Amino acid sequence: MGKIIAIVNQKGGVGKTTTSINLSASLGVLGKKVLMIDLDPQGNATTGVGVDKKGIDNSIYEVLTLKSDIKDAIIKTKSVNLDVIPAYLNLAGVEMELIELERKYRDTDQKINRVMRLKDELSKVKDNYDFILIDCPPSLGILTTNALAAADSVLIPVQCEYYALEGIMQLINTIMLAQRKVNPNLDIEGVLLTMLSVNTNLGLEVISSIKEFFKERVYDTIIPRLIKLAEAPSHGKTILDYDPRGKGTRAYINLAKEVIERNGTKE
Ligand SMILES: Nc1ncnc2c1ncn2[C@@H]1O[C@H](COP(=O)(O)OP(=O)(O)OP(=O)(O)O)[C@@H](O)[C@H]1O
Ligand SMILES: [Mg+2]
(Lines give C-alpha, C1' and ligand atoms only; values in the text may rest on other atoms or scores of the structure.)
(Ligands and ions follow the chains in the order given, each with its own letter.)
Protein backbone atom coordinates (compact mmCIF):
# COMPACT_ATOMS: atom_id res chain seq x y z
CA MET A 1 0.00 0.00 0.00
CA GLY A 2 1.34 3.42 -0.97
CA LYS A 3 2.93 5.69 1.58
CA ILE A 4 1.53 9.21 1.22
CA ILE A 5 4.03 11.98 1.94
CA ALA A 6 3.06 15.66 1.87
CA ILE A 7 5.89 18.08 1.06
CA VAL A 8 4.92 21.02 3.25
CA ASN A 9 6.18 24.42 4.33
CA GLN A 10 3.97 27.51 4.21
CA LYS A 11 7.08 29.58 3.59
CA GLY A 12 7.51 30.28 -0.12
CA GLY A 13 10.48 29.29 -2.22
CA VAL A 14 12.11 26.80 0.16
CA GLY A 15 12.37 23.98 -2.39
CA LYS A 16 9.04 22.13 -2.00
CA THR A 17 8.39 21.80 -5.72
CA THR A 18 12.02 21.07 -6.66
CA THR A 19 12.02 18.32 -4.03
CA SER A 20 8.63 16.91 -5.06
CA ILE A 21 9.79 16.59 -8.67
CA ASN A 22 13.27 15.23 -8.09
CA LEU A 23 12.55 13.00 -5.10
CA SER A 24 9.62 11.49 -7.03
CA ALA A 25 11.82 10.87 -10.07
CA SER A 26 14.60 9.41 -7.91
CA LEU A 27 12.26 7.02 -6.10
CA GLY A 28 11.03 5.95 -9.54
CA VAL A 29 14.54 5.26 -10.82
CA LEU A 30 15.21 3.20 -7.68
CA GLY A 31 12.32 0.95 -8.69
CA LYS A 32 9.45 2.41 -6.67
CA LYS A 33 6.09 3.14 -8.29
CA VAL A 34 5.39 6.82 -7.64
CA LEU A 35 2.43 9.16 -8.04
CA MET A 36 3.15 12.88 -7.65
CA ILE A 37 0.18 15.12 -6.88
CA ASP A 38 0.56 18.77 -7.82
CA LEU A 39 -1.54 20.61 -5.23
CA ASP A 40 -0.36 24.12 -6.07
CA PRO A 41 -2.41 26.26 -8.50
CA GLN A 42 0.91 27.55 -9.90
CA GLY A 43 1.34 24.07 -11.42
CA ASN A 44 5.13 24.21 -11.32
CA ALA A 45 5.50 20.55 -10.38
CA THR A 46 3.34 19.68 -13.40
CA THR A 47 5.52 21.54 -15.91
CA GLY A 48 8.63 20.39 -14.05
CA VAL A 49 7.98 16.78 -15.05
CA GLY A 50 7.41 17.77 -18.66
CA VAL A 51 3.60 17.90 -18.76
CA ASP A 52 2.16 20.67 -20.92
CA LYS A 53 -0.59 22.35 -18.89
CA LYS A 54 -2.39 23.42 -22.07
CA GLY A 55 -3.05 19.83 -23.06
CA ILE A 56 -4.59 18.70 -19.78
CA ASP A 57 -8.18 17.42 -19.68
CA ASN A 58 -8.46 16.66 -15.99
CA SER A 59 -6.41 18.07 -13.14
CA ILE A 60 -6.51 17.75 -9.36
CA TYR A 61 -9.16 20.50 -9.37
CA GLU A 62 -11.60 18.32 -11.34
CA VAL A 63 -10.83 15.39 -9.03
CA LEU A 64 -11.44 17.35 -5.80
CA THR A 65 -14.69 18.86 -7.09
CA LEU A 66 -16.09 15.51 -8.34
CA LYS A 67 -15.89 16.55 -12.01
CA SER A 68 -13.43 13.78 -12.88
CA ASP A 69 -12.64 10.30 -11.70
CA ILE A 70 -9.16 10.29 -10.15
CA LYS A 71 -8.05 7.54 -12.52
CA ASP A 72 -8.84 9.79 -15.51
CA ALA A 73 -6.60 12.55 -14.14
CA ILE A 74 -3.44 10.45 -13.84
CA ILE A 75 -0.82 11.14 -16.50
CA LYS A 76 2.23 9.01 -17.21
CA THR A 77 5.43 11.08 -17.34
CA LYS A 78 8.60 10.46 -19.36
CA SER A 79 10.34 9.52 -16.11
CA VAL A 80 10.44 5.84 -15.21
CA ASN A 81 7.76 4.68 -12.72
CA LEU A 82 6.45 8.23 -12.31
CA ASP A 83 2.83 9.29 -12.78
CA VAL A 84 1.44 12.75 -12.03
CA ILE A 85 -1.90 14.36 -11.33
CA PRO A 86 -1.43 17.87 -12.67
CA ALA A 87 -2.60 21.21 -11.31
CA TYR A 88 -3.84 24.23 -13.15
CA LEU A 89 -4.75 27.80 -12.14
CA ASN A 90 -8.42 26.86 -11.65
CA LEU A 91 -7.32 25.08 -8.45
CA ALA A 92 -7.04 28.52 -6.81
CA GLY A 93 -10.85 28.73 -6.63
CA VAL A 94 -11.41 25.29 -5.15
CA GLU A 95 -12.28 26.35 -1.59
CA MET A 96 -15.58 28.06 -2.43
CA GLU A 97 -16.56 25.16 -4.65
CA LEU A 98 -15.85 22.62 -1.94
CA ILE A 99 -17.95 24.57 0.57
CA GLU A 100 -20.76 24.61 -1.98
CA LEU A 101 -20.35 20.88 -2.69
CA GLU A 102 -20.41 20.05 1.02
CA ARG A 103 -23.68 21.97 1.36
CA LYS A 104 -25.21 20.34 -1.70
CA TYR A 105 -24.52 16.83 -0.45
CA ARG A 106 -25.41 17.53 3.19
CA ASP A 107 -28.78 15.79 3.12
CA THR A 108 -27.79 12.92 0.86
CA ASP A 109 -26.28 9.51 1.56
CA GLN A 110 -22.96 10.48 -0.02
CA LYS A 111 -21.53 12.86 2.57
CA ILE A 112 -18.79 15.22 1.44
CA ASN A 113 -16.25 16.69 3.81
CA ARG A 114 -14.24 19.43 2.12
CA VAL A 115 -11.16 18.72 4.20
CA MET A 116 -11.22 14.99 3.40
CA ARG A 117 -11.64 15.25 -0.38
CA LEU A 118 -8.04 14.36 -1.26
CA LYS A 119 -7.95 11.50 1.24
CA ASP A 120 -11.20 10.05 -0.11
CA GLU A 121 -9.89 10.16 -3.70
CA LEU A 122 -6.40 8.83 -2.93
CA SER A 123 -7.89 5.79 -1.20
CA LYS A 124 -9.00 4.65 -4.69
CA VAL A 125 -5.45 4.54 -6.14
CA LYS A 126 -3.23 4.14 -3.08
CA ASP A 127 -2.69 0.42 -3.67
CA ASN A 128 -1.24 1.02 -7.14
CA TYR A 129 1.82 2.90 -5.84
CA ASP A 130 4.71 2.55 -3.40
CA PHE A 131 4.87 6.30 -2.75
CA ILE A 132 2.47 9.18 -3.32
CA LEU A 133 4.12 12.61 -2.96
CA ILE A 134 2.05 15.78 -2.63
CA ASP A 135 3.54 19.15 -3.61
CA CYS A 136 1.78 21.68 -1.35
CA PRO A 137 1.30 25.40 -2.00
CA PRO A 138 3.00 28.02 0.22
CA SER A 139 0.01 28.52 2.52
CA LEU A 140 -1.88 26.69 5.24
CA GLY A 141 -5.30 26.92 3.57
CA ILE A 142 -7.78 24.29 2.41
CA LEU A 143 -5.34 22.62 -0.02
CA THR A 144 -2.61 22.07 2.56
CA THR A 145 -5.26 20.95 5.07
CA ASN A 146 -6.44 18.34 2.53
CA ALA A 147 -2.83 17.18 2.14
CA LEU A 148 -2.33 16.92 5.92
CA ALA A 149 -5.56 14.94 6.25
CA ALA A 150 -4.60 12.55 3.45
CA ALA A 151 -0.92 12.03 4.24
CA ASP A 152 0.79 9.42 6.35
CA SER A 153 3.63 11.86 6.98
CA VAL A 154 5.07 15.27 6.12
CA LEU A 155 8.45 16.04 4.63
CA ILE A 156 9.51 19.59 5.49
CA PRO A 157 12.07 21.30 3.26
CA VAL A 158 13.94 24.04 5.10
CA GLN A 159 16.13 26.49 3.25
CA CYS A 160 19.64 26.97 4.67
CA GLU A 161 19.31 30.68 5.38
CA TYR A 162 19.30 32.94 8.39
CA TYR A 163 15.52 33.01 8.84
CA ALA A 164 15.11 29.26 8.25
CA LEU A 165 13.28 28.53 11.49
CA GLU A 166 10.95 31.50 11.13
CA GLY A 167 7.45 30.14 10.60
CA ILE A 168 8.43 26.63 11.71
CA MET A 169 6.47 26.94 14.98
CA GLN A 170 3.37 27.91 13.03
CA LEU A 171 3.91 24.88 10.79
CA ILE A 172 4.37 22.55 13.78
CA ASN A 173 1.20 23.96 15.36
CA THR A 174 -0.70 23.33 12.13
CA ILE A 175 0.59 19.75 11.99
CA MET A 176 -0.46 19.18 15.62
CA LEU A 177 -3.89 20.67 14.90
CA ALA A 178 -4.26 18.30 11.93
CA GLN A 179 -3.29 15.40 14.20
CA ARG A 180 -6.00 16.41 16.70
CA LYS A 181 -8.78 17.15 14.23
CA VAL A 182 -8.39 15.07 11.08
CA ASN A 183 -5.42 12.73 11.12
CA PRO A 184 -4.21 11.33 14.47
CA ASN A 185 -1.57 9.15 12.77
CA LEU A 186 0.14 11.98 10.87
CA ASP A 187 3.88 11.65 11.34
CA ILE A 188 6.93 13.78 10.52
CA GLU A 189 8.69 11.89 7.74
CA GLY A 190 11.77 14.08 7.77
CA VAL A 191 13.28 17.53 7.53
CA LEU A 192 15.32 18.33 4.43
CA LEU A 193 17.91 21.07 4.31
CA THR A 194 17.87 22.74 0.91
CA MET A 195 19.84 25.29 -1.12
CA LEU A 196 23.05 25.13 0.87
CA SER A 197 25.52 27.59 -0.61
CA VAL A 198 29.18 26.74 -0.54
CA ASN A 199 31.54 29.45 0.66
CA THR A 200 29.36 30.67 3.49
CA ASN A 201 29.55 29.94 7.19
CA LEU A 202 25.92 30.93 7.58
CA GLY A 203 24.74 27.60 6.20
CA LEU A 204 26.62 25.69 8.86
CA GLU A 205 25.07 27.71 11.70
CA VAL A 206 21.62 27.15 10.29
CA ILE A 207 22.28 23.41 9.93
CA SER A 208 23.27 23.06 13.57
CA SER A 209 20.25 25.03 14.85
CA ILE A 210 17.87 22.97 12.72
CA LYS A 211 19.48 19.71 13.86
CA GLU A 212 19.14 20.87 17.46
CA PHE A 213 15.45 21.45 16.89
CA PHE A 214 14.50 18.41 14.80
CA LYS A 215 17.23 15.98 15.93
CA GLU A 216 17.36 12.68 14.00
CA ARG A 217 14.42 13.72 11.82
CA VAL A 218 16.88 15.77 9.70
CA TYR A 219 18.13 13.87 6.64
CA ASP A 220 21.88 13.36 6.28
CA THR A 221 21.50 14.42 2.66
CA ILE A 222 21.64 18.18 2.17
CA ILE A 223 20.57 19.63 -1.18
CA PRO A 224 23.21 22.10 -2.42
CA ARG A 225 22.33 25.33 -4.20
CA LEU A 226 22.97 24.49 -7.86
CA ILE A 227 22.10 26.44 -11.00
CA LYS A 228 21.23 23.16 -12.76
CA LEU A 229 18.47 22.40 -10.22
CA ALA A 230 16.94 25.81 -10.95
CA GLU A 231 17.32 25.42 -14.74
CA ALA A 232 15.92 21.92 -15.18
CA PRO A 233 12.17 22.80 -14.82
CA SER A 234 12.30 25.34 -17.66
CA HIS A 235 13.31 22.44 -19.91
CA GLY A 236 10.48 20.29 -18.57
CA LYS A 237 13.05 17.89 -17.18
CA THR A 238 13.80 16.40 -13.81
CA ILE A 239 17.40 16.79 -12.65
CA LEU A 240 17.92 13.10 -13.44
CA ASP A 241 17.27 13.80 -17.13
CA TYR A 242 18.79 17.29 -17.25
CA ASP A 243 22.08 16.53 -15.51
CA PRO A 244 22.25 12.77 -14.91
CA ARG A 245 25.81 12.73 -13.65
CA GLY A 246 25.70 15.98 -11.71
CA LYS A 247 25.62 16.82 -8.01
CA GLY A 248 21.89 17.56 -8.02
CA THR A 249 21.04 14.07 -9.27
CA ARG A 250 23.40 12.53 -6.74
CA ALA A 251 21.82 14.52 -3.90
CA TYR A 252 18.23 13.59 -4.75
CA ILE A 253 19.11 9.92 -5.34
CA ASN A 254 20.78 9.89 -1.91
CA LEU A 255 17.68 11.47 -0.39
CA ALA A 256 15.48 8.85 -2.06
CA LYS A 257 17.66 6.10 -0.60
CA GLU A 258 17.24 7.61 2.87
CA VAL A 259 13.47 7.83 2.39
CA ILE A 260 13.34 4.19 1.30
CA GLU A 261 15.52 3.14 4.22
CA ARG A 262 13.40 5.01 6.78
CA ASN A 263 10.38 3.22 5.41
CA GLY A 264 12.01 -0.12 5.84
CA THR A 265 11.76 -1.28 2.25
CA LYS A 266 14.52 -2.41 -0.04
CA GLU A 267 15.47 -0.52 -3.23
N1 LIG B 1 18.88 23.39 -4.64
C2 LIG B 1 18.57 24.45 -5.39
N3 LIG B 1 19.53 25.15 -6.02
C4 LIG B 1 19.22 26.22 -6.76
N5 LIG B 1 18.00 26.68 -6.96
C6 LIG B 1 16.98 26.04 -6.37
C7 LIG B 1 17.21 24.88 -5.56
N8 LIG B 1 16.01 24.43 -5.10
C9 LIG B 1 15.09 25.26 -5.60
N10 LIG B 1 15.66 26.23 -6.35
C11 LIG B 1 14.99 27.34 -7.04
O12 LIG B 1 14.44 28.20 -6.05
C13 LIG B 1 13.14 28.61 -6.39
C14 LIG B 1 12.15 28.09 -5.36
O15 LIG B 1 12.18 26.67 -5.38
P16 LIG B 1 10.84 25.82 -5.39
O17 LIG B 1 9.89 26.32 -6.42
O18 LIG B 1 11.21 24.40 -5.41
O19 LIG B 1 10.30 26.20 -3.95
P20 LIG B 1 8.81 26.08 -3.39
O21 LIG B 1 8.95 25.93 -1.92
O22 LIG B 1 8.06 25.04 -4.12
O23 LIG B 1 8.21 27.49 -3.76
P24 LIG B 1 6.67 27.94 -3.61
O25 LIG B 1 6.51 28.18 -2.14
O26 LIG B 1 6.55 29.17 -4.43
O27 LIG B 1 5.83 26.82 -4.10
C28 LIG B 1 12.88 28.06 -7.78
O29 LIG B 1 13.22 29.03 -8.72
C30 LIG B 1 13.82 26.88 -7.87
O31 LIG B 1 14.21 26.60 -9.20
MG1 LIG C 1 6.20 25.13 -5.05
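The values are calculated or read from the model by the stated rules, or taken from the named source; none is laboratory data. Keep in mind that what you see is a predicted model, and the values were worked out from it rather than measured. Here the Cβ is made from the backbone with ideal geometry for all residues, glycine too, and neighbour counts use every protein chain on show. Surface areas here come from the heavy atoms of the whole protein model, side chains and all, with no ligands, DNA or RNA. Shrake-Rupley method; radii C 1.70, N 1.55, O 1.52, S 1.80 Å.
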Residues of the stretch 150-189 that turn out to be assigned to a loop (DSSP other than H, G, I, E, B) and over 23 Å from P224 (Cβ atoms), as a count
7
Could you grab me the full set of residues in the stretch 46-57 that are open to solvent by 40 Å² or more (accessible area, probe 1.4 Å), closer than 18 Å to V94 by Cβ and more than 16 Å from ligand 2 (Cβ to nearest atom)?
D57
Going through the stretch 1-45 in order, the residues found to be within 11 Å of ligand 2 (Cβ to nearest atom), of a type outside the set (G, A, S), closer than 17 Å to S79 by Cβ and part of a helix (DSSP H, G or I) are T17, T18, T19, I21, N44
Given the criterion within 16 Å of ligand 1 (Cβ to nearest atom), under 22 Å from N183 (Cβ atoms) and either open to solvent by 10 Å² or more (accessible area, probe 1.4 Å) or in contact with an Asp or Glu (Cβ under 8 Å, 6 or more places away or on another chain) (or both), identify the matching residue among D120, D40.
D40
Give L148, L155, L140 a once-over and let me know the one that is of a type in the set (A, V, I, L, M, F, W, C) and more than 18 Å from N185 (Cβ to Cβ).
L140
Residue check: is S26 within 13 Å of ligand 1 (Cβ to nearest atom) and closer than 30 Å to G264 by Cα?
no
Please verify whether the stretch 175-195 includes one or more residues that are touching a Cys at 6+ places or on another chain (Cβ under 8 Å) and either more than 16 Å from ligand 2 (Cβ to nearest atom) or open to solvent by 30 Å² or more (accessible area, probe 1.4 Å) (or both).
yes
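So if I check each of L82, L133, which one is within 13 Å of the chain's Cα centre (by Cα), open to solvent by less than 40 Å² (accessible area, probe 1.4 Å) and under 27 Å from T18 (Cβ atoms)?
Residue meeting the stated conditions: L133.
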